[in-house]
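Bear in mind that the values in this text are calculations on the coordinates, not laboratory data. On a predicted model such as this, the values are computed, not experimentally measured, just so you know. Because the Cβ atoms are built from the backbone with ideal geometry, glycine has one as well, and the counts that use them run over all protein chains shown.
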Amino acid sequence: MDFKKIIADSLKCDFISADEAYSLLGLPANPQMGDYCLPCFKFAKVLKTSPQAIAEQVAKSVQSENFTVQVVGGYVNFRLDRTFLAKSVLSDKSYDGETFPEAKPNGKTVCIDYSSVNIAKPFHIGHLLTTAIGGSLYRIYKRLGYNVVGINHLGDWGTQFGKMIVAFKKWGDKADVEKRGVNALVELYVRFHKEAEADPALDGEARAWFKKIEDGDVEATRLFSYFKNVTLEEVKRVYKRLGIEFDSYNGESFYNDKLSDVVKLLEQKKLLTESDGAKVVDLSDFDMPPCLILKSDGASLYATRDLAAAIYRKNTYGFDKNLYVVAYQQNLHFKQVFKVLELMGCDFAKDCVHVPFGMVSLEGGGSLSTRSGNVVYLSDVLDTAVKKARAVIEEKNPKLADKEKTAEQVGVGAVLFMALSTSRIKDLVFSYDKALSFDGETAPYLQYTHARCRSVLEKCGAADLKDIDYSLLTGDAEAAVITLLNRYGAVINDAAQKYEPSILSKYLIDLAQSYNAFYVSNRIAGEDAALMKARLKLSEAVRKTLKDGLNLLLISAPAKM
Ligand code: ARG
């Protein structure tokens, strides 16, 4: 419900249009002053009178039973009638169904490049943010009616795969790789480097095998695909736990046959210059180092593949927006790539956005569970969080029916929320204790509030929430909850526009806190029927919003905790 519009439309002053009033209406610094305020200072000069006199004129011009007006200094303050507020917000049909209705398609397409793991490398805690932020943006944009394309731009190209083949053929054991997955591959890779120090001939062999991959040799291709499958199998297990899906796994190697067109176009546009035998795009006019396109041996680079990928995405998906959820360390890379696209005449360069984020480390450093060296695997972080969640459940609610499943939902949810509640660009120090606290700003707190709403609804029989007497929901606590409920749509929009799921996380915490403040000071069960029903209606709206919001953050909302 757009209350600002209702107020703006009701003003009857010839010096202020409804549109102007709409854009001027804001929130009073002190909520005690009212729900909205209209500053009148800007009219003083033209009208040659004081802001206060103008505010009084505005106040006199409106008459509505839906709100009251009051002049304070140069401001007109508007206070919504509480029954009107409750009824306008809570009678919305979207609260009736089991879930919120699906958004109508808006005809726009957004590509989101996220997670984008590297083949034969561990899926570690450094991937948490890209995976969580990208996965959440995926759901948020869907919610808003976008056609969303989730892309895992796999790191599956490079000379290291020649090394992997040599190592696997010399020392590899298929059964071991089958059993230990990527760990076994990483160990082989490490061993290659050690042995190559003593025996430089190995490097030559590796180059030869990489050449074979490039030339499509049967055995080389088979082994390369094998490493890819081993990695993906493991990674997909984690994605499943996080509730993440991709529409495309086209990684770097997918663009092999599309690179020559990129180089041709760059040549046509006279953008390529030689530098020590390499081909580069000079970007000194834009205060950037040159963008490397081809090495002196003709091999392509990361940037070359990203140029091809951007063009391919535009041609294939016709995106309106093309997002890259990648750590801020790659700021320069994306600035260069977008600039080169622009110079190539790709006007969609302006629709490409790098969505950077900070670094993750673990509180207390590397002393936490790791399977090898100092790499902290994402799956280990999830396992540890689930184990700890299980212990908390055992302590708080030992009789809970589905402890295993709930512990998974709470543990994984806690990790996700921690990743999604810090402003994207800030570095994150991950702490299990903070993530799992039931009364901090955490997923368990939100899940618990959701379960609390559910249980009160169940206990009081929420079957019939019709014919509500909204005049029973006019206290300060109720008004605070209802005002927040009304903001939900705007919050999702804001989170999408700023590529910032933490805006939604913070909102959900506010909503849960305000509902809990209402809950502790207002009885529901045992009240007179009309009052109970009105309070249940409020609880149901909060429950649904929490569940929907958590879902947009990839977090499950268990029925009981
Ligand atoms: N695989 C890369 C890395 O781990 C991230 C790829 C991001 N996506 C892209 N289109 N460059 O650093």
Using only Cα atoms, what is the ratio of the radius of gyration of segment 417-529 to 2.2 N^0.38 Å?
-> 1.24
Of Ile125, Met532, Asn486, which is farthest along the charge dipole of the chain in the positive direction, counting Lys and Arg as +1 and Asp and Glu as -1 at C-beta?
-> Met532
Specify the angular offset, from 0 to 90 degrees and rounded to the nearest 10, of the alpha carbon long axis of helix 201-215 from the longest principal axis of the alpha carbons in the chain.
-> 60 degrees
Taking the chain as the reference, fit the longest principal axis to its C-alpha atoms, fit the long axis of helix 160-171 to the helix C-alpha atoms, and give the angle between the two in degrees, 0 to 90, nearest 10.
-> 60 degrees
Using the count of nearby Cβ atoms within 10 Å as a rough guide to exposure, how do Asp380, Asp347 rank from fewest to most?
-> Asp347, Asp380
Could you tell me how many degrees, from 0 to 90 and to the nearest 10, lie between the Cα long axis of helix 302-317 and the main elongation axis, the longest principal axis, of the Cα atoms of the chain?
-> 50 degrees
Mind checking the dipole of segment 274-402: about its Cα centre, +1 per Lys or Arg Cβ, -1 per Asp or Glu Cβ, Debye to the nearest 20?
-> 520 debye
Burial order of peptide ranges 226-238, 155-167 (average beta-carbon count within 10 Å, highest first) = 155-167, 226-238
Where q = 0.17, 0.18, 0.31 Å⁻¹, what log10 of I(q)/I(0) comes from the Debye formula for segment 502-561, counting one point per Cα?
-> -0.64, -0.70, -1.28
Dipole magnitude (debye, nearest 20) for the chain, charges at Cβ of Lys, Arg, Asp, Glu = 720 debye
Mind putting a number on the dipole of segment 367-484 about its Cα centre? Charges go on the C-beta only, +1 for Lys and Arg and -1 for Asp and Glu, and I need it in Debye to the nearest 20.
-> 440 debye
Highest average packing first - 208-218, 118-128, Cβ atoms within 10 Å | 118-128, 208-218
Listing Glu267, Glu527 by rising number of other beta-carbon atoms within 10 angstrom, fewest first, gives Glu267, Glu527
Extent along principal axes [Cα atoms of the chain; Å; largest to smallest] | 88, 67, 39
Once you have the Cα-Cα distance between Glu394 and Lys108, take 0.36 nm times their residue separation minus that, and quote the gain in nm to one decimal.
-> 98.3 nm
Cα pairs beyond 23 Å in segment 132-248, in percent, come to 43 percent
Given the pairs Lys142/Lys434; Lys240/Lys339; Lys212/Lys264; Lys264/Lys350; Lys121/Lys174; Lys12/Lys48, which are separated by over 27 angstrom at their Cα positions?
-> Lys142/Lys434; Lys240/Lys339
Shape call, segment 183-313: gyration tensor on alpha carbons, a/c limit 1.5 | oblate
Shape metrics for segment 21-89, restricted to C-alpha atoms - Rg then Dmax, Å = 12.5, 41
Whole-Hz couplings from phi, Karplus 6.51/-1.76/1.60, listed for segment 134-147; x for Gly and Pro = x, x, 6, 4, 4, 6, 4, 5, 4, 4, 8, x, 6, 7
Three principal axis extents, largest first, for the C-alpha atoms of segment 76-189, in Å?
-> 78, 33, 28
Give me the distance in nm between label points sitting 7 Å out from Cα along the Cα-to-Cβ direction at Met359 and Arg237, one decimal.
-> 2.9 nm
With Rg and the Kirkwood Rh both taken from Cα atoms, where does Rg over Rh land for segment 149-200?
-> 1.07
Provide the packing ranking of 305-312, 438-445, i.e. peptides ordered by the mean count of other C-beta atoms within 10 Å per residue, highest first.
-> 305-312, 438-445
Can you pull the one-decimal nm distance between simple spin-label points at Asp19 and Thr99, each 7 Å off the Cα toward Cβ?
-> 3.9 nm
Sorted from largest down, what three extents in whole angstroms do the Cα atoms of segment 1-125 have along their principal axes?
-> 73, 37, 32
Which log10 I(q)/I(0) values, to two decimals, does segment 183-253 give at q = 0.17 Å⁻¹ under the Debye formula with one point per Cα?
-> -0.83
Percent antiparallel among DSSP beta bridges confined to the chain, rounded to 5, stands at 55 percent
